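Enquirer: The structure is given below, and queries will be raised subsequently.
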Amino acid sequence: MAAMIDIDSEDRLEAILNDNPGALIYFSGPECNVCKVMRPKIEDMIGASYPNLPMAYVDCDAQRAIAGQHRVFSIPTVLVFFDGREFIRKVRNFGIGELRDEIERPYGLLF
């Protein structure tokens, strides 16, 4: 299972987005029970199927400015970037299979 990188500044997040052809950013909070269930499932899916896609975690309670800059107002939110641009946005009610299906084609073209 690939581990998520904890984001503690916008500079750190920008470095991940600029230094990689793709990245998945998981916005969550410590009090969100759905988020706690989804995180390991997303980590497992990305680690098994998309090993070249780094993952980052943003605690929306601690990093409100980062969440606001990325227009994240509800959790969990998953943003997937390819070539520095937001390509996929999943908010609140989404399934792992749905996320996998949307990542498949752009990931295959990039890697």
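Rule-based calculations on the coordinates, nothing more; no lab input. Bear in mind the structure is a predicted one, so any value in this text is a computation, not a measurement. We place every Cβ from the backbone using ideal geometry, glycine too, and count neighbours over all the protein chains shown.
Enquirer: Take residue 56 and decide whether it is under 13 Å from the mean Cα position of the chain (by Cα), surrounded by 12 or more Cβ atoms within 10 Å (Cβ to Cβ) and aliphatic (A, V, I, L, M). Reasoning before the result, please.
Expert: Details: under 13 Å from the mean Cα position of the chain (by Cα): yes; surrounded by 12 or more Cβ atoms within 10 Å (Cβ to Cβ): yes; aliphatic (A, V, I, L, M): yes.
In short, yes.
Enquirer: On to the next question. Can you tell me how many residues in the stretch 1-41 are surrounded by fewer than 17 Cβ atoms within 10 Å (Cβ to Cβ), in contact with a helix residue (DSSP H, G or I) (Cβ under 6 Å, 6 or more places away or on another chain) and under 14 Å from residue 63 (Cβ atoms)?
Expert: Number satisfying all stated conditions: 1.
Enquirer: Limited to the stretch 23-45, what total is found for residues that are within 16 Å of residue 102 (Cβ to Cβ) and under 10 Å from the mean Cα position of the chain (by Cα)? Reasoning before the result, please.
Expert: Start the filter on the stretch 23-45 by keeping residues that are within 16 Å of residue 102 (Cβ to Cβ), which leaves 23-26, 38, 41-42, 45.
Retained after the next criterion (residues that are under 10 Å from the mean Cα position of the chain (by Cα)): 23-26, 42.
Within the stretch 23-45, residues that are within 16 Å of residue 102 (Cβ to Cβ) and under 10 Å from the mean Cα position of the chain (by Cα) number 5.
Enquirer: Now for a separate question. Under the condition of being farther than 17 Å from residue 7 by Cα and aliphatic (A, V, I, L, M), which residue from the stretch 61-111 is surrounded by the fewest Cβ atoms within 10 Å (Cβ to Cβ)?
Expert: Result: 109.
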